[in-house]
Structure formats: structure tokens, C-alpha cells
Amino acid sequence: MRILLVAVALVATSVLAADPALAPNAPKDKPVQAEASKMDKAIAPYVAQARKSWPGAKKRYLAGLPKGEIFFVTAQLHEGDQMEQCFLRVTKIDAGKITATIATDLLALKKLKNGDTVTIKESELVDWMIAKPDGTEEGNVVGKFLDTWDQR
């Protein structure tokens, strides 16, 4: 049975530590450990919702977000048979690919770390979030679900 470590949060604590531009009252990270297949099944409708709203969020990012707003995506990163879902701070979107910096302190992956630059396909997106300077957020439907998920 594969166990999946998921850094679930409205905004990851490690992001706040690395980026003082985020509001100090931004929600804190709540990591979840779960069997990968069980979690994937549970989050599927929320991933679909996030992907459906992605084009609008992407369009806003490309047009330029208001000062102080930060755009993140959530993706599943892999090292061998290990996988971890984490926040990525978007730096570029082009030709169906998202380039971003890892914005989560990774627990299961050993080669990648917070601050590393990665590129994922837009089709690999699990969720997206816009962090606002007042500590509120937009998006993060998968993260909000996982904050309340009862695995029993």
C-alpha cells in the first residue's frame, strides 16, 4: 500500500516563512497522510472543479494580479515511488506548462526541496490558489476539502 503525504493548507506555513509578503494571518498548513488511491478518489470531484475554474484563474494571472496577490498551484511531485502533493508558487505559464518554485517543506521527497524550481504540465494541476495580502484566498477547493476530510 502506497502512503501519500499531502501538504494541505490554505497557505503552507513554509510559504509564509520563506515569503514575508504573505499575510501573517494566512491559514496554516495541515499535512495529511493517506493511502494514495483512497485520497485520489476522495479529491477527484474537487480536482475537477479546480481544473474547470483554472482557465479563468490563469487568464487573471497572465493579465497581472493586483499588488500583493500571489498565485499558487498544487501538484503531485514524484521521486521514484514516492509522491507528495504540494504548493508551487507560479513564476511562468507558457505553452501548456507551469514553471514555479516549490513553496512547501517536503516530507516524503528527498531530492527536491522548498525553493527549487519545477515545471509541470497544466494537465498535472491538482488545484490553484490566489493568496491575498489580507490573509484571505481564492480557489484552493481541494485544500479546503482535505482540511475537513474524515478518512474513516
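Remarks
- Residue 146 within 19 Å of residue 40 (Cα to Cα), in a loop (DSSP other than H, G, I, E, B) and at pLDDT below 95: no
- Test for residue 113: is it free of Cβ contacts under 8 Å to residues at least 24 places away in the same chain and over 14 Å from the mean Cα position of the chain (by Cα): yes
- Test: residue in the stretch 130-137 that is under 16 Å from residue 57 (Cβ atoms) and assigned to a loop (DSSP other than H, G, I, E, B): yes
- In the set 57, 42, only one residue is under 24 Å from residue 132 (Cα atoms), of a type in the set (A, V, I, L, M) and in contact with a strand residue (DSSP E or B) (Cβ under 9 Å, 6 or more places away or on another chain); that residue is 57.
- Of residues in the stretch 139-152 being touching a residue at least 12 places away in the same chain (Cβ under 8 Å) and not aliphatic (A, V, I, L, M), the one surrounded by the fewest Cβ atoms within 10 Å (Cβ to Cβ): 151
- Whether a residue is assigned to a loop (DSSP other than H, G, I, E, B) and of a type in the set (A, V, I, L, M) was assessed, and residue 106 passes this test.
- Of the residues screened, residue 120 is not one that is among the β-branched types (Val, Ile, Thr), surrounded by 13 or more Cβ atoms within 10 Å (Cβ to Cβ), in contact (Cβ under 8 Å) with a residue 12 or more places away in the chain and within 17 Å of residue 59 (Cα to Cα).
- Residue within the stretch 33-55 that is surrounded by 16 or more Cβ atoms within 10 Å (Cβ to Cβ), in contact (Cβ under 8 Å) with a residue 60 or more places away in the chain and assigned to a strand (DSSP E or B) present: yes
- Some residue of the stretch 122-138 being out of contact with any helix residue (DSSP H, G or I) (no Cβ under 6 Å at 6 or more places or on another chain), among the small types (Gly, Ala, Ser), modelled with pLDDT of 95 or more and within 24 Å of residue 37 (Cα to Cα): yes
- Within the stretch 78-97, the set of residues being among the aliphatic types (A, V, I, L, M) and touching a residue at least 24 places away in the same chain (Cβ under 8 Å) comprises 83, 88, 90, 93.
- Count of the stretch 95-110 residues which are at pLDDT 95 or above, within 15 Å of the chain's Cα centre (by Cα) and either surrounded by fewer than 18 Cβ atoms within 10 Å (Cβ to Cβ) or of a type outside the set (A, V, I, L, M, F, W, C) (or both): 2
- Count - residues of the stretch 111-128 that are part of a strand (DSSP E or B), touching a Lys or Arg at 6+ places or on another chain (Cβ under 8 Å) and charged (D, E, K, R): 1
- Selected residue (only one of 75, 108, 100, 131 is touching a residue at least 12 places away in the same chain (Cβ under 8 Å) and in contact with a Lys or Arg (Cβ under 6 Å, 6 or more places away or on another chain)): 100
The values are calculated or read from the model by the stated rules, or taken from the named source; none is laboratory data. Not measured: the values here are computed from a predicted model. When we count neighbours, we look across all protein chains shown, and the Cβ atoms used for this are built from the backbone with ideal geometry, even at glycine.
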